[in-house]
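Participant: Quick one: the structure is below, and I'll ask about it shortly.
The values are calculated or read from the model by the stated rules, or taken from the named source; none is laboratory data. Given the structure is predicted, the values throughout are model-derived calculations rather than measurements. Quick reminder, even Gly has a Cβ in these numbers, built from the backbone with ideal geometry, and neighbours come from all protein chains shown. We work out accessible area using only protein heavy atoms, side chains counted, and drop any ligands, DNA or RNA first. Shrake-Rupley method; radii C 1.70, N 1.55, O 1.52, S 1.80 Å.
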Amino acid sequence: MNKETTMENTALNENQADEKNVLMQKTSILLEYPKIMENVASYAVSDEVASIIKDSQPIYDDSAQEVKANVNAIYTMIKTKGDEPRSWLPSVGFLLPKIETQGTVLDIDEALAVGLFVERGNELIKWLNKDRDNQLAKDTQGTSPLFTILDNVPDCASIAAEVFKIIDREGNLRDLPVLHAIKRRISSLEKDLKNTVSRYSCDEDYKRMLQSPLPSQRDGRAVIAIKANFRGRIPGIVHEVSGSGQTIFLEPLDVVEKNNDILLEKRNLDAEIQKILRQLTENICVHADKLKTLHRIVIELECLRARAKYSVLTKGQFAKLPGDYSNSEYRQNLLLKKARHPMLKKPIPINIEMNGGTRTLIITGPNTGGKTVALKTLGLLAMMNQSALALPLDEGSILPVFDGIYADIGDEQSINQSLSTFSAHITNISAITANAGDKSLVLLDELGSGTDPQEGGAIAMAVLDYLIEKKSRMIITTHHGILKHYGYTREGVENASVEFDAQTLSPTYRIINGLPGESRAIEIAAANGLNRAIVAGARNYIDEEKSDVSEMIKGLEQKQRELAGLEKISAAEQNKLKEEKRKADLKELQLRQKEAELKRESVGKLQLFLRESRKTLENLVRELKEGEVDREKTLKVKEFLNELARNAETESEELAKEERAIKEQLKKPEKQPQNAAEDSPLFTAGMEVFAGVSKQRGVIIRADRKKARAENGEESSWLVEIGSLKMSFPESELIPAKQASGNKNKTPVFTSWAAEYGAADDVVYELRIRGMRFEEAMEKVRRQVEGAILSGLKNFAIIHGKGHGILQKGVHDYLRSNPAVADYYFARPELGGFGRTEVVLK
């Protein structure tokens, strides 16, 4: 139990950490932090370093100060020294796993990259170690952590020496003795080959055969181009024929051997080069651990140097800490002197100050006064400070280290996510309140806006209460007057305003602490060209308080009464509809019950009719067997058969008539499609059908003589032969036996009234459940038995297979417990044996 609790807590902590990271990344994008890091990455001398810088995030712990101290040290060196090495640094991070893998061989370019990386990395380290005692020891933080990094640099000079002993700095193999000998042999062979080939262009006998006097190359072998009609004159190997067929590229026999010799020597040269590179790779692999350490340190130093280079070229200043970390009072200070937003072309410097115990600053004032820019400037500079960058502000600025920077600025309404402006703000604020802590910086723009001012102000104050309780540092902007009063009444909260020049009707972008500001909406509207009459009307509404809230309330009360009346009428209508539906459902249920009773009665009548007819027929057969066949007995048999047919037809018509009457009441009137006639089956003489309630198979003999009734709007009837009986059925009781003609092996299907209204599957003579899951198979068996009972099917088979016997046992257990089952047994071996069970119903 303790282990499970620990796992749950771990998963919860991971989810919270993920949510916090997502929120801070969202804030960084909102504050345009990625664009700053792209600018920083442009000062890197390595694609690998540039990629790392672009993907980096601010450091949200005290180690940010250590990184900033290292950057500051390099920053000082760049400003005071003019010999900073800026050579391009190749990327080798992807080669380190390859070097550690046994049997791999670096190609020439990869080996060159390793050598250059080591050489140029050592140049950077040598430059950083220059004048170390005199320059870096002056760091105000004491001994610079950069010294620790430099002291851990491994000596990898031997790696570069090994590489450049084989390869020069332009990426070419040096002319080693073993390679020189092979190259000399190749040169001699190529000279000999050239002389041999030139003989064909100089000899007058051969010259007329050539299409071109210049030799050519095919597949790396020297060939001559001869005219097609001289093909057999020069013995040799044909390599290619021109598209026109007029030129043949031939390798003469005396040239073949020389080409072969050159090819073999080139292969020897390649093999020797591979041997040299393999040995070089093994020599580098011996120092793989040192190379990995050097790579990590050089990449770290290059990231620091790119930050320092950016800081120098942007003429920034490093912000100081509020004081010693042991003194919490000083750590709470925050001061930006003439801070400028680094992404604005012409930024206006602003001052932001939070002294002593002030942890919440509420900034009010006019629109376009610079409130939002102030929030974005503070948030972005705080992120840059924790990325070890110098900031565009004056010296003496103070910024603490935050464990999280969260902002809700601007309008993030989303149509796709069905979020209004207010909903989007609340979603962000909810996430911020869940993750902010006592070392977090929270920036909220227009807190409580986008909804009713009274409710929005209440929400804003509740949010501030919650975050003040968590001791978060906050700067918010608002137009709510109630929050100005809040700033005066809460400890640790201070009002501030953006200054507005009443003479020029324009903001000065200066933030004044301790004094709330006015929105100046009417003045700004007038300055932006709003009609004077409208401006005058707005002033009158404010001065004379003509906005009659009581009239609005009376109007709302009237609307409320009207709405209550409509709701009452709607409720009555709904109750009426529910009652009508209940009655309709009850009527439908009664009709279905009646239909079911008629079905059972019709089955009973038919069974009784058949038993009596069978007895009478048996007596007639016995009389025929015992005596002589005379005319009287023959007439008696014929009369019986005719009477049997008439009775069956009468019974069938009565049952069909009752069934149609019930169905007509059940059916809702609906418009028949125009092609209904096309979809209905066409019955013809000789067609096989399933007829009657029990769906017995028969053949249509002809249309019933009473078919003329169809012309008067009644349903047509057909005379069907079922065994030795001929009976008349209406079309509604006939189903074409399509499977008889389309698939003679297919089992006939019973589509009875029970299947139409109750069963989910058709009733069949053979139910195949082999291969099904146990629950699915037993559901099929249950539906088959119930459907067979309602359809009058007494005998059928279940094919369950043998397998492990699970389905067989389940089927037998069900049949044994079902009172409607008279008997069940395994089939004969030729019909399936133990894999098939025959079922007999009562």
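Participant: Which percent of the accessible heavy-atom area of region 782-842 goes to carbon and sulfur, probe 1.4 angstrom?
Facilitator: Accessible surface attributable to carbon and sulfur in region 782-842 totals 58 percent.
Participant: Quick check for you: with a 1.4 Å probe and neighbouring chains kept, what is the accessible area per residue of region 208-316, in Å²?
Facilitator: Heavy-atom accessible area per residue stands at 52 Å².
Participant: Over 19 Å between C-alpha atoms is what I'm after, so list which of K20/K439; K26/K376; K346/K376; K371/K470 land there.
Facilitator: K371/K470
Participant: Sorted by packing (mean other beta-carbon atoms within 10 Å per residue), highest first, where do 356-363, 90-97 land?
Facilitator: Going by the mean number of other Cβ atoms within 10 Å, highest first, we get 356-363, 90-97.
Participant: Hey, another quick one. What accessible area, in Å² to the nearest ten, does a 1.4 Å probe give for F826?
Facilitator: Only protein atoms counted, so the area is about 70 Å².
Participant: How big is the charge dipole of region 180-225 about its Cα centre, in debye rounded to the nearest 20, if each Lys and Arg gets +1 on its Cβ and each Asp and Glu gets -1 on its Cβ?
Facilitator: With only Lys, Arg, Asp and Glu charged at Cβ, the dipole is about 260 debye.
Participant: Treating region 793-842 as a set of equal point scatterers at the Cα positions, no solvent, please give the Debye-formula log₁₀ I(q)/I(0) at q = 0.13, 0.16, 0.21, 0.29 Å⁻¹.
Facilitator: Values, matching the q order: -0.27, -0.41, -0.69, -1.13.
Participant: Heavy atoms of the protein only, probe of 1.4 Å, neighbouring chains included. What is the accessible area of V241 in Å², nearest 10?
Facilitator: It works out to around 80 Å².
Participant: So how do D585, D55, D219 rank on accessible area, 1.4 Å probe, biggest first, that is with the largest at the start?
Facilitator: Largest accessible area first, the residues go D219, D55, D585.
Participant: For region 184-317, build the convex hull from the C-alpha positions and give me its volume per residue in Å³.
Facilitator: Cα convex hull per residue, to the nearest whole number: 217 Å³.
Participant: Across region 483-493, in residue order, what do the Karplus-derived ³J(HN,Hα) couplings come to in whole Hz, using 6.51 cos²θ - 1.76 cosθ + 1.60 with θ = phi - 60° and x for Gly and Pro?
Facilitator: Coupling constants for region 483-493: 6, 5, 4, 4, x, 7, 9, 10, 6, x, 10 Hz.
Participant: Could I ask something else about it? Using a 1.4 Å probe on the protein heavy atoms, what percent of the accessible area of region 348-489 belongs to carbon and sulfur?
Facilitator: Roughly 52 percent, rounded to a whole number.
Participant: Once phi is turned into ³J(HN,Hα) by the Karplus curve 6.51 cos²θ - 1.76 cosθ + 1.60 with θ = phi - 60°, what whole-Hz value does each residue of region 792-799 show in order, with x for glycine and proline?
Facilitator: x, 7, 8, 10, 7, 10, 10, 9
Participant: Taking amide H positions as placed 1.01 Å from N in the peptide plane, with prolines and chain starts having none, which residues 5 or more places from V223, or on another chain, fall under 5 Å of its amide H?
Facilitator: Close amide H contacts, sequence-distant or interchain: S216, Q217, R218.
Participant: Listed here are the pairs K79/K320; K35/K292; K194/K227; which of them are more than 29 Å apart at the Cα?
Facilitator: K35/K292
Participant: A further question on this structure: Need the full-extension length gain, D61 to M343, defined as separation in residues times 0.36 nm minus the C-alpha distance. One decimal, nm.
Facilitator: Taking D61 through M343 to full extension adds about 99.0 nm, to one decimal.
Participant: Could you work out what % of the accessible surface of region 59-121 is carbon and sulfur, using a 1.4 angstrom probe and leaving DNA, RNA and ligands out of the count?
Facilitator: Roughly 53 percent of what the probe reaches on region 59-121 is carbon or sulfur.
Participant: Just reorder Y75, Y825, Y33 by solvent-accessible area, largest first, 1.4 Å probe, all chains present.
Facilitator: Final ranking, largest accessible area leading: Y825, Y75, Y33.
Participant: Given the whole protein assembly as supplied and a 1.4 Å probe, what does the accessible area of H479 come to in Å², nearest 10?
Facilitator: Surface accessible to solvent at H479 totals approximately 60 Å².
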